[in-house]
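> Here's a structure for you.
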Amino acid sequence: MTRLAVVGAGAWGTTLAHVGAKRVADVLLWAREPDVVENINTAHRNTRFLDGVAIDPNVRATNDVLEAVYDRDVVLYAAPSHVLRTVVRASSTCVSSKALIVVATKGIERGSLALMTDVVAAELPGHTVVAISGPSFAAEVARDQPTALVAASNEATAASEIQQVLSTPTLRVYTNDDVAGVELGGALKNVMAIATGIADGLELGLNSRAALITRGLAEMTRLGVALGAHAATFAGLAGLGDLVLTCTGALSRNRALGVEIGRGRKLEDILAERETVAEGVVTTESACDLAKKEGIEMPIVQGVARVLFEGWDPRAAITALMSRDLRPERDE
């Protein structure tokens, strides 16, 4: 019998525990917040991060991360990117040497510029790691609305095992061997969602949104290929699929943040009001550093960074994008 641990009880971690419980009888979910643990164990709810969803009663919660991962066959990490390394390190002594590791976090680590699977692999050496990504709002997955994800690993059998653990009649999981492409697609689309949100906040219209999504995909692919990813991956679920969803969906935290920025609000004021994480803010900084390191041009990412961190007026950033030197559409 597979024993599943999910580390991180935000909306996405809670949803994956809930989904996993449909296929696995023993699911233990770690939450940092005592009220979340009590809420899940007594009422089968997570009203703090996933309100309105009845969580499968097979999901149990704990505040003890060592208890959560101890002797589990599959350990799935869903902590925010900026704390993922700390959380994995804190749990590492009790992760079984035979455990299959899954990473559902989307992002690029600040400073090291490491992808999330690389962060986890560094803290849990010798383990097989699978990345989960794709177009998925947690609330819709939890409510059994049809969704497709991708499980990516350098080891095909590991990706296939996670495909079986997480697939349900309403959640279809595909496999992929391009870990870098799947991870970069999932991380960079959050930056593009902030960009399209800014344009929406400025009320620039649907033409602007379409242009940003399309050229954003070109930037994502350009950086991905430079880092060894396959261009075709960015036309798939973790690339185009997740990009379109996050840039257009009303449930997107990153797009919503961009809308507020476009309407004239300051980043620090928006973040001060939020308990949930908009991963695109951290990823914008990391993506700029990574593009500079690789010598890759990413004008949309740079424009978002200027607005978020350098005090640029959003309209000035749009003007800068539109006034760049003319060029062919395709990179030669």
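The values are calculated or read from the model by the stated rules, or taken from the named source; none is laboratory data. Quick caveat, the model's predicted, so the values are computed rather than measured. In this analysis, Cβ positions are derived from the backbone assuming ideal geometry, glycine residues included, and neighbour counts consider all displayed protein chains.
> Quick one: in the stretch 134-162, of everything that is polar (S, T, N, Q) and surrounded by fewer than 18 Cβ atoms within 10 Å (Cβ to Cβ), which residue is farthest from the chain's Cα centre (by Cα)? Spell out the reasoning first.
Filtering the stretch 134-162 for residues polar (S, T, N, Q) gives 136, 145, 147, 153-154, 157, 160.
Next, from what is left, pick out any that are surrounded by fewer than 18 Cβ atoms within 10 Å (Cβ to Cβ): 145, 154, 157, 160.
Working: GLN145: 19, ASN154: 19, THR157: 23, SER160: 21 Å.
So the residue we want is THR157.
> Part of a loop (DSSP other than H, G, I, E, B), surrounded by fewer than 22 Cβ atoms within 10 Å (Cβ to Cβ) and modelled with pLDDT of 95 or more, is that true of GLU297?
Yes; evaluated as a whole, the condition is true for this residue.
> Oh, and also: Name the one entry in VAL141, VAL150, VAL129 that is within 19 Å of SER96 (Cβ to Cβ) and in contact with a strand residue (DSSP E or B) (Cβ under 6 Å, 6 or more places away or on another chain).
Result: VAL129 is the single residue among VAL141, VAL150, VAL129 that is within 19 Å of SER96 (Cβ to Cβ) and in contact with a strand residue (DSSP E or B) (Cβ under 6 Å, 6 or more places away or on another chain).
> Take LEU212 and decide whether it is surrounded by fewer than 24 Cβ atoms within 10 Å (Cβ to Cβ), aliphatic (A, V, I, L, M) and under 27 Å from LYS266 (Cα atoms).
Taking the combined requirement at face value, the residue does not satisfy it.
> Something else about it: What number of residues within the stretch 246-287 satisfy the criterion of being in contact (Cβ under 8 Å) with a residue 24 or more places away in the chain, more than 21 Å from LEU84 (Cα to Cα), outside any helix (DSSP H, G or I) and not small (Gly, Ala, Ser)?
2
Results for (1) outside the structural domain of ILE270 (by TED's automatic domain parsing); (2) within 23 Å of THR284 (Cβ to Cβ), shown as yes or no for each residue.
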{"position": "ALA148", "(1), (2)": "yes, no"}
{"position": "VAL165", "(1), (2)": "yes, no"}
{"position": "PRO169", "(1), (2)": "yes, no"}
{"position": "VAL173", "(1), (2)": "yes, no"}
{"position": "ASN207", "(1), (2)": "no, no"}
{"position": "LEU212", "(1), (2)": "no, yes"}
{"position": "GLY249", "(1), (2)": "no, yes"}
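> Is it true that some residue in the stretch 126-133 is assigned to a helix (DSSP H, G or I) and within 17 Å of the chain's Cα centre (by Cα)? Break it down stepwise before answering.
First, the residues of the stretch 126-133 that are assigned to a helix (DSSP H, G or I): none.
No, there is no match, as no residue in the stretch 126-133 is assigned to a helix (DSSP H, G or I) and within 17 Å of the chain's Cα centre (by Cα).
> Another question about this same structure. Inspect the stretch 77-90 for any residue being on the phi > 0 side of the Ramachandran plot and outside any strand (DSSP E or B) and give the result as yes or no. Write out each step before concluding.
Here is the first cut: in the stretch 77-90, the ones on the phi > 0 side of the Ramachandran plot are none.
Scanning the stretch 77-90 turns up no residue that is on the phi > 0 side of the Ramachandran plot and outside any strand (DSSP E or B).
> Step by step: first the residues of the stretch 217-235, then only those that are surrounded by fewer than 20 Cβ atoms within 10 Å (Cβ to Cβ) and hydrophobic (A, V, I, L, M, F, W, C), then the one that is nearest to PRO299 (Cα to Cα). Which residue is that? Even if it seems obvious, please write down each step before you answer.
Step one: of the stretch 217-235, the residues surrounded by fewer than 20 Cβ atoms within 10 Å (Cβ to Cβ) are 218, 222, 225-228, 230-232, 235.
Next cut, hydrophobic (A, V, I, L, M, F, W, C) only: 218, 225-227, 231-232, 235.
Numbers: ALA218: 11, VAL225: 17, ALA226: 16, LEU227: 18, ALA231: 19, ALA232: 22, ALA235: 20 Å.
Taking the candidates together, the pick is ALA218.
> Quick one: in the stretch 270-283, which of the residues that are closer than 21 Å to TRP12 by Cα and among the β-branched types (Val, Ile, Thr) is surrounded by the fewest Cβ atoms within 10 Å (Cβ to Cβ)?
THR276
> Quick check on the stretch 178-208: of everything there that is in a loop (DSSP other than H, G, I, E, B) and either of a type in the set (Phe, Trp, Tyr) or at negative phi (or both), which residue is surrounded by the most Cβ atoms within 10 Å (Cβ to Cβ)?
So, considering only residues that are in a loop (DSSP other than H, G, I, E, B) and either of a type in the set (Phe, Trp, Tyr) or at negative phi (or both), the one surrounded by the most Cβ atoms within 10 Å (Cβ to Cβ) is ASP178.
> Still on this model: Considering only the stretch 6-36, state which residues are in a helix (DSSP H, G or I) and either under 19 Å from PRO169 (Cα atoms) or in contact with a Lys or Arg (Cβ under 9 Å, 6 or more places away or on another chain) (or both). Quick ask: steps written out before the conclusion?
To start, the set of residues in the stretch 6-36 that are in a helix (DSSP H, G or I) comprises 11-20, 34-36.
If the condition is that a residue be in a helix (DSSP H, G or I) and either under 19 Å from PRO169 (Cα atoms) or in contact with a Lys or Arg (Cβ under 9 Å, 6 or more places away or on another chain) (or both), then TRP12, THR14, THR15, LEU16, ALA17, HIS18, VAL19, GLY20, ASP35, VAL36 are the ones that fit.
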